[in-house]
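Contents: one structure, followed by commentary.
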């Protein structure tokens, strides 16, 4: 995806917002996005697809203005059986916090409708299990980590809000994502 210089002097990735101070920073973020999207998964249960499609059908029949664009994007991805990234799986897993809002008639209750949109009980449970499996396999402690330019990182690390490993003990503007060697190919 191309990097553009904006009229405010900052840079953006594709049609994104003009938020990056340097072209190099925008390129670095885009490289991290491409690597993060390399591993995707579509082995979620049929029930999650069915739940998402049910939510889409209810919305089409009677749109009450429920949910967000992200929630409806997720419903479309799941209903179509599209591959989803680890980050998306993490967001699905974190939707567990809305379980208390899931008990209702989805035709009348926005919480119940959006619970279905995110895959329902089966989708959220799968995401929690899958996230643990991915992290156990890919983010095992002691496994070497590399910066995007392929250099072995031996310094301190921290995790971002989605659980991805980054350079430095604390997050700063200069923090970079870390990768396993096979993810850099």
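The values are calculated or read from the model by the stated rules, or taken from the named source; none is laboratory data. Since this is a predicted model, take the numbers as computed values, not measurements. Counting neighbours? That spans all protein chains shown, and the Cβs are built from the backbone with ideal geometry, glycine included.
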Exercise. Within the range 90-104, can you find the residues that are touching a helix residue (DSSP H, G or I) at 6+ places or on another chain (Cβ under 7 Å) and in contact (Cβ under 8 Å) with a residue 12 or more places away in the chain?
Worked result: 90, 92, 93, 95, 96, 98, 101, 102
Exercise. Inside the range 20-86, counting only helices (runs of 4 or more DSSP H) that do not spill past its ends, which hold 3 or more residues that are touching a strand residue (DSSP E or B) at 6+ places or on another chain (Cβ under 8 Å) and surrounded by fewer than 17 Cβ atoms within 10 Å (Cβ to Cβ)?
Worked result: 23-36
Problem set entry | the range 156-170: number of residues that are over 19 Å from the mean Cα position of the chain (by Cα) and under 19 Å from residue 20 (Cβ atoms) | 2
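Tell me yes or no: at least one residue of the range 137-149 is in a helix (DSSP H, G or I) and within 18 Å of residue 87 (Cα to Cα). Full working, then the answer.
Keep residues of the range 137-149 that are in a helix (DSSP H, G or I), which gives 137-138.
Filter again for within 18 Å of residue 87 (Cα to Cα), leaving 137-138.
Yes: one or more hits.
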For this session: Can you tell me which residue within the range 5-17, out of those that are surrounded by 15 or more Cβ atoms within 10 Å (Cβ to Cβ) and either under 21 Å from the mean Cα position of the chain (by Cα) or touching a residue at least 12 places away in the same chain (Cβ under 8 Å) (or both), is farthest from residue 148 (Cα to Cα)?
Result: 16
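Scan 172, 157 and give me the residue that is in contact with a strand residue (DSSP E or B) (Cβ under 6 Å, 6 or more places away or on another chain), without any contact (Cβ under 8 Å) to a residue 40 or more places away in the chain and not assigned by TED's automatic domain parsing to the domain that holds residue 48. Don't jump to the end; show me each part of the working.
Values: 172 fails: in contact with a strand residue (DSSP E or B) (Cβ under 6 Å, 6 or more places away or on another chain).
157 is the lone residue from the list that is in contact with a strand residue (DSSP E or B) (Cβ under 6 Å, 6 or more places away or on another chain), without any contact (Cβ under 8 Å) to a residue 40 or more places away in the chain and not assigned by TED's automatic domain parsing to the domain that holds residue 48.
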Exercise. What number goes with the only condition from (1) touching a residue at least 40 places away in the same chain (Cβ under 8 Å); (2) in a loop (DSSP other than H, G, I, E, B) that residue 134 does not pass?
Worked result: (2)
Exercise. For the range 172-183, does any single residue satisfy the condition of being farther than 30 Å from residue 47 by Cα, within 19 Å of the chain's Cα centre (by Cα) and assigned to a helix (DSSP H, G or I)?
Worked result: yes
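Table: residues versus (1) at pLDDT below 95; (2) surrounded by 17 or more Cβ atoms within 10 Å (Cβ to Cβ); (3) within 30 Å of residue 174 (Cβ to Cβ).
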position: 112; (1), (2), (3): no, yes, no
position: 123; (1), (2), (3): no, yes, no
position: 126; (1), (2), (3): no, yes, no
position: 130; (1), (2), (3): yes, yes, no
position: 137; (1), (2), (3): yes, no, yes
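Restrict the check to the range 122-130 and report whether at least one residue is in a helix (DSSP H, G or I) and without any contact (Cβ under 8 Å) to a residue 24 or more places away in the chain. Break it down into steps so the answer makes sense when it comes.
Taking the range 122-130 first, the residues in a helix (DSSP H, G or I) are 122-130.
Still in the running and without any contact (Cβ under 8 Å) to a residue 24 or more places away in the chain: 125, 129.
Looking for residues that are in a helix (DSSP H, G or I) and without any contact (Cβ under 8 Å) to a residue 24 or more places away in the chain, one finds at least one in the range 122-130, hence yes.
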Exercise. Residue check, residue 181 against (1) exposed (fewer than 14 other Cβ atoms within 10 Å of the Cβ); (2) at pLDDT 90 or above, all met but one. Which one?
Worked result: (2)
